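Peer 1: Could you have a look at this structure, given as structure tokens, before my questions?
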Amino acid sequence: MSFKDLFVSFFRTGILGYGGGPSVIPLIRYETIDKYNWMDDKEFTDVFALANALPGPIATKMATYIGYRVGGAIGAMVALLAHIMPTAFLLIFILGGLYAFNQSSIVMGMIIAVSPVIGMMLGLMAYEFLKKSWKGLGKTLSIVMILISLGLLQLLGVHPAIVITLFILSACTKIFYQNRKYRKASQHPTMNRSVGK
Amino acid sequence: MIYLQVFWVFFITNILGYGGGPSTIPLFQAEVVEHYKWLTLKEFGDVLAIANALPGPIATKMSSYIGYQVAGPLGSILALIATVLPTAVAMVFLFKFVTLFKSSPYVKELTKSVQPVVAVLLLVLAYQFLVAAWESSGWIHTAILALGSFWAMERIKVHPALVIGGSLVYGAVFLS
């Protein structure tokens, strides 16, 4: 184990991983399993599963855990910083440069032209989430939940954080009641409902 | 005070951002543009565009830039810490119980329940950007850029960084 390896591998995955989370995971997998043999496939899958289950950015969570696993607390710091710092600096640098010239009509034109493209990219991301929701919750429930969140957010102006918390709480309540029903039916209280495989 | 606000904003947005990077974007916007008014929607769009064109995780790039813009280098560091630390620590401590998470239907249920909200949030934000574009560059340029980028990304699968680059060139030539 060396911190240099950790630094190099997470620097590489940070710089080469285009398009956020999903594109980086195969790269991290290659570095951790094939190249440096830090863990086996099973453990990596577990790391991915947990990173996916917790909120916030996925790749940074994986970098932290793998760094921690390889080199303790310092390893976690090294992997995390190597993963996020280079592109964070680059963004500050590029936008600083762009705004330094914001008197120029060319830069103004560039800034104006980017809005519709961003609108389209966000629309496509929204579509991805719609598809996932459609698959996970089914058609009817998806539409109902979309209408509820649209009403809360746009008509009543409820803060998004509150709407998300409400939805999480309602899912928790649903699970709680399902569990109770299941326990009553089986007469064998268990921690988890077994998942049909 | 400003440091506290920066920390709080990036802490709460990432705790609630289920589903990775994209789900945190509308939450960032709600706090940074609408609530605290640190950036205008246009500036937020610039940050999003360049962050999208660069490699690496999107949430950390955006939070470090916005933190820097609002409260200097220390703000940048605080925003980054707030973004990554809470869940990173949770990751290390909860890993012992990973089998519990994997087989549990709870987590899947939670993620599923948040997806419709995230979809709506992203859709509203997309609409706001298209309206802003319409107002500043007229409907012809907006239509060309929006449909052109859709065609490039979805039909011929051009890399997003190239699409952003292409729109910058278009703006420099036709909108300056």
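Peer 1: Write down the radius of gyration of chain B and its Dmax, each obtained from C-alpha positions, in Å.
Peer 2: 18.2, 57
Peer 1: Another question about this same structure. Take the Cα atoms of chain A, find their three principal axes, and give me the spread along each one in whole Å, biggest first.
Peer 2: Principal-axis extents of the Cα atoms in chain A, largest first: 68, 52, 24 Å.
Peer 1: Expressed in whole Å with the largest first, what are the equivalent ellipsoid semi-axes of the range B:2-99 derived from the C-alpha gyration tensor as the square root of 5 times each eigenvalue?
Peer 2: On the way: eigenvalues 107, 44, 29 Å².
Working from the Cα gyration tensor, I get semi-axes of 23, 15, 12 Å.
Peer 1: Between Rg and the Kirkwood Rh of the range B:86-164, both from Cα atoms, what is the Rg to Rh ratio?
Peer 2: Radius of gyration over Kirkwood radius for the range B:86-164 works out to 1.21.
Peer 1: Taking N as the number of residues in the range A:72-138, what is its Cα Rg relative to 2.2 N^0.38 Å?
Peer 2: Against the compact-globule rule of thumb, the ratio is 1.74.
Peer 1: Summarise the partner chain shielding of A:45-52 as one whole number: the mean count of Cβ atoms from other chains within 10 Å of each residue's Cβ.
Peer 2: Averaged over the peptide's residues, the number is 5.
Peer 1: Provide the per-residue ³J(HN,Hα) series for the range B:68-77, in order, calculated from phi with Karplus coefficients 6.51, -1.76, 1.60 and θ = phi - 60°, each as a whole number of Hz, with x at glycine and proline positions.
Peer 2: 5, 5, 7, 9, x, x, 5, x, 4, 5
Peer 1: What list of ³J(HN,Hα) couplings, whole Hz, do you get for the range B:153-169 from phi and the Karplus terms 6.51, -1.76, 1.60, once you set θ to phi - 60° and write x for glycine and proline?
Peer 2: Calculated HN-Hα couplings, in order: 7, 8, 8, 9, 6, 6, 4, x, 4, 6, 5, 4, x, x, 5, 5, 5 Hz.
Peer 1: Sorted from largest to smallest, which semi-axis lengths in Å does the alpha carbon gyration tensor of the protein assembly as shown give for its equivalent ellipsoid, taking the root of 5 times each eigenvalue?
Peer 2: So the three semi-axes of the protein assembly as shown are 34, 27, 19 Å.
Peer 1: Starting at the first residue of the range B:91-96, write each ³J(HN,Hα) from the Karplus equation 6.51 cos²θ - 1.76 cosθ + 1.60 with θ = phi - 60°, in whole Hz, x for Gly and Pro.
Peer 2: Result, ordered by residue: 4, 5, 6, 8, 4, 4 Hz.
Peer 1: Next question. GNM, chain B, Cα, under 10 Å: largest mean-square fluctuation among B:Tyr18, B:Tyr127, B:Tyr106?
Peer 2: B:Tyr106
Peer 1: Please give the net charge around A:Pro160, taking every other residue with its beta carbon less than 12 angstrom from that of A:Pro160, where Lys and Arg add +1 and Asp and Glu add -1.
Peer 2: -2
Peer 1: Something else about it: So for B:Val117, B:Val124, B:Val131, fewest C-beta neighbours within 10 Å to most, what's the order?
Peer 2: Starting with the residue having the fewest Cβ neighbours, the order is B:Val131, B:Val124, B:Val117.
Values quoted throughout were computed directly from the atomic coordinates according to the rules given, and no laboratory measurement underlies them. Since the structure is predicted, the reported quantities are computational estimates derived from the model, not experimental observations. Here the Cβ is made from the backbone with ideal geometry for all residues, glycine too, and neighbour counts use every protein chain on show.
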